[in-house]
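What follows is calculated from the coordinates using simple rules that are stated; it is not laboratory data. As the structure is a prediction and not an experimental result, all values here were calculated from the model. Using ideal geometry, Cβ is built from the backbone for each residue, glycine included, and neighbour counts are taken over all protein chains shown.
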Amino acid sequence: MVITAARLIDGPPTITTSAGLTPGSGFTVNDFRGYRCGKNVELNMYLFRSGATIPVSGTGNFTPDVAACTVPSGWRPTSGTTNGNWDDGTAEGGFVIGTDGICTLRTTNGEAIVGEASSAGNGRNVRLHITFILDN
């Protein structure tokens, strides 16, 4: 098969969304972008911590884990739990998303996520990013 310029651009179309992200308790949605090309999915969730500051345990974990948001149906992993990264410009860590679409903050580099309810005018914007491959 010869690869030509026309052949390089005949892949599956990219499907996008910016609707349907549901914030978890103590969060509000600033922005949401989802991209799907074939079985590849990329999600970018941009949230504001409107609730209380999320404290950190001595081991760098949130105890309990914190549900930040739920992504819309059709934009979720189809099998198991997938790991992603989050940051707020100061703190950073890991989160997971399951087949139910719930994005759960689990770990941090030791910094708390400052919330608007605890520190008026200083609530932080939290950005979550994940890519995964659909398996069905």
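Each Lys and Arg contributes +1 and each Asp and Glu -1, all at the Cβ; summed about the Cα centre of the stretch 9-133, the dipole is approximately 200 debye.
Residues of the stretch 31-58 falling in the label zone of Ser119, defined by backbone nitrogen less than 15 Å from a point 7 Å along Cα to beta-carbon, are 48-56.
Were the residues from Asn85 through Ser25 laid out at 0.36 nm apart, the gain over their Cα-Cα distance would be 19.6 nm.
Counting Lys and Arg as +1 and Asp and Glu as -1 over every other residue whose Cβ lies under 15 Å from the Cβ of Asn83, the net charge comes to -2.
Quick check: net charge around Ala112, other residues with Cβ under 13 Å of its Cβ, Lys/Arg +1 and Asp/Glu -1?
Counting the neighbours of Ala112, the net charge comes to -1.
Computed on the Cα atoms alone, the convex hull of the chain gives a volume of 134 cubic angstrom per residue.
Adding -39500 (n - 2.57) for every DSSP H run of four residues or longer, then dividing by how many residues the chain holds, sets the calculated 222 nm ellipticity at -500 deg cm²/dmol.
Considering the options Asn40, Pro72, Gly84, tell which one lies farthest towards the positive end of the dipole of the chain, charges being +1 on Lys and Arg and -1 on Asp and Glu at the Cβ, about the Cα centre. My answer, from the dipole projection, is Asn40.
If you take all other residues with their beta carbon under 13 Å from the beta carbon of Phe95, and give Lys and Arg +1 and Asp and Glu -1, the sum is -2.
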